[in-house]
1. For Cα extents along the principal axes in Å, pick the label among (1) 34, 33, 22; (2) 38, 32, 30; (3) 107, 16, 16 that corresponds to the value derived from the coordinates.
2. With each run of n ≥ 4 DSSP H residues scored as -39500 (n - 2.57), what mean residue ellipticity at 222 nm is computed for the chain after dividing by its residue count and rounding to the nearest 500 deg cm²/dmol?
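Just so it is clear, none of the values below were taken in a lab; they were calculated from the coordinates. This one's a predicted model, so the numbers in the text were calculated from it and none came from an experiment.
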Amino acid sequence: MEISGSRYFIIPEDIPALMICRPVDVVDQSGEREGTAWLSPILDAKKQDLTALIRKNLYVIGCKDLNRILTGCSSGVPVREYHPS
């Protein structure tokens, strides 16, 4: 994820845990933990988004876009900052 000029990652080894609905760490380029990511909604079997809490801000990536990254079809996708309505 690229947010405001900074890049954040989910470690490839953590993807299986993410796929079975466990939260995983989000790290920066140096490997330092910057936040947490999970598939949402948490209580629904059908996941629609990857949600990441990074430095007190919530960011969302749609599951279709996440899937494009995981399958290698895309190296970058839109990241939206979540703002409650």
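1. Derived directly from the coordinates: (1).
2. Working: 2 runs with 13 residues, N = 85.
After summing the helix terms and dividing by the residues of the chain, the value is -3500 deg cm²/dmol.
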